[in-house]
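Taking it in order: structure first as C-alpha cells, then the write-up.
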Amino acid sequence: MPKKSAFFYFMMECQRREALKGRVFRNLAEVAEAADEIWQQMDVAERAPYVQRANPSHHALPKPQGQPALAKVAEKDLLGKRIQAAGKELGSETFILISIGYYCRTLDNVYFPAEIGAVKFGLAAGVAKRFHAIVDHPKLPTGMAYEAKLQSEMTHALPLPPHGLAEMDGSEIASKLISFFDAKDDRLPVLFTAAKQMSAVEAILLDMLGDRIREQKLRICSVAELYWELQQAAVSFDEGTTEPFKMLQMAQNRLDDDVFSYTEGISCDYHESHELLVHCELSECIRWAFTIARDCCPELGIELIPGKHRPGTKEGEAPFGEELKDDDTGESKQDELEQAVEAKVSNEPISNGKALNKQQILTRELLSEFDALAEKMRALRLND
C-alpha cells in the first residue's frame, strides 16, 4: 500500500470539517483543491502533527544516502595527491564546479531540481566552458507549493511550475550533462560544489543520471577543499611572499565573503535580465572560480584575464593591461599607480633574500583591496 503523506491526513481532516458545515465534495480532487488552499498558508509548526502522523518514527527529514564517510576521506586524499603530482603543471589541471538549486524535497527524500549551473575551470584557462539548464516539471507534488516558494525566494528565485521557464526536461539535461562531464575511460570526473549542497547535489544527480552512469562512481567534494589544496600548492611556488591558508575554514570564509556576488555578465539570461545576479546557479560557479583564481594564479605567474579569471570590463573601464586616459588631461590614469608601485619596489624590504617584483607588489595591493571589500560586506551582513 502506498505511503500516506502529511497532506493526505490534513486533507481527510479538512473533508470532515467541511462535512460538518454541510459542504459536499463530488470527488477527491475537489477535496484536495480545497485543502491545498489552506495548506499553503500553514507554517511548519501547524503542519507538524500531520507530518508526525505520516512518519510516526521520524521527527526530521531523513538524510540522503551518499558516499560513506571513509570514501569521502579517501576522495580528499586523492585530490591532494593529484594536485601535488601536477607540480609546476598545476595550471593545466581542469576541474568541474557545479551548483544545483531545487524547488522542494519530499518526505521520501526526492528532490525536484530547478536550475543547474556548472563550469570547467583551470588556473591557466580560467572559466573555459559553461553549462546551464532550467529543469522542466509539469507540476510539483501536492502540498509542496509553500515549501517550493520559500526555497525559491531563498535560493534560485525562479517561478514555480507549472508556470516555470520550462527549458528542458530531466532526460534531455542528463544527456547534456554526461557530455559536459566528458568522462575519460568511463570514469566520471570529481565534481566540486558547496559543502552545504553536497547531499542535495549527489541525490539529484544520482536520480537524474540513473542508468546513464551505469557502474560509474559519482564522486563529489566541496569547493572549499579544492580551493584550499590549490592555494597550498600555488604559494609553495611563490618563495614565501604569500602566506598559505592555515586551515580549510579560511578557504570557506573567502568563498562565503563572495566579493564577486553582484558581477554582471556571468548569470543566465533570466537572472541577468531580472537583476537577480546573486541567485543564479551558473553565476555562483563562476564566482567560485574567480575567487580561487584571485588567490592562486598570481603565485603561478598566470595573468588574470577578464571574463576568465576575473570580472570582464564595463563601459568606462580599461581592459586588463591597457591604459585608461583621463577625459580632461588625456593622461593615463595608470601613471599614478605605476609610480606608486615603482616607489614600493625601491623601498620594499627583501623577503627571503629576494626583492619583490612589480607584479608581486601590484598583486598584494589588489588583494588588500579585496580584503577590505570583504570586511565591509561582513559588517553589512552583521548589521542586517
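Using only the Cα atoms of region 137-294, build the gyration tensor, take square roots of its eigenvalues as a ≥ b ≥ c, and label the shape rounded, prolate or oblate: rounded if a/c is under 1.5, else prolate if a/b is larger than b/c, else oblate.
Verdict is oblate for region 137-294.
So which trypsin sites (Lys or Arg not before Pro) in region 73-167 are both in a DSSP loop and have at most 15 other Cβ atoms within 10 Å of their Cβ?
Passing sites in region 73-167 are K139.
State, to one decimal in nm, how far the label point of R82 lies from the label point of N27, with both points 7 Å from Cα in the Cβ direction.
Distance between label points: 5.3 nm.
At a 10 angstrom cut-off on C-beta neighbours, averaged per residue, how do the peptides 152-163, 4-15 rank from highest to lowest? Don't skip to the end; give the middle numbers.
Details: 152-163: 16.2, 4-15: 18.4.
The packing order, highest mean first, is 4-15, 152-163.
For each pair in K4/K196; K129/K308; K120/K176, compute the distance between the two Cα atoms and list the pairs where it is over 18 Å.
Those over the limit are K4/K196.
Could you order Y270, Y50 so the one with the most accessible surface comes first? Probe is 1.4 Å.
If we order Y270, Y50 from most to least accessible, we get Y270, Y50.
The values are calculated or read from the model by the stated rules, or taken from the named source; none is laboratory data. Just so it is clear, the structure is predicted and the values come from calculations on it, not from any experiment. Counting neighbours? That spans all protein chains shown, and the Cβs are built from the backbone with ideal geometry, glycine included. Side chains are part of the model used for accessible areas, which takes the heavy atoms of the whole protein and leaves out ligands, DNA and RNA. Shrake-Rupley method; radii C 1.70, N 1.55, O 1.52, S 1.80 Å.
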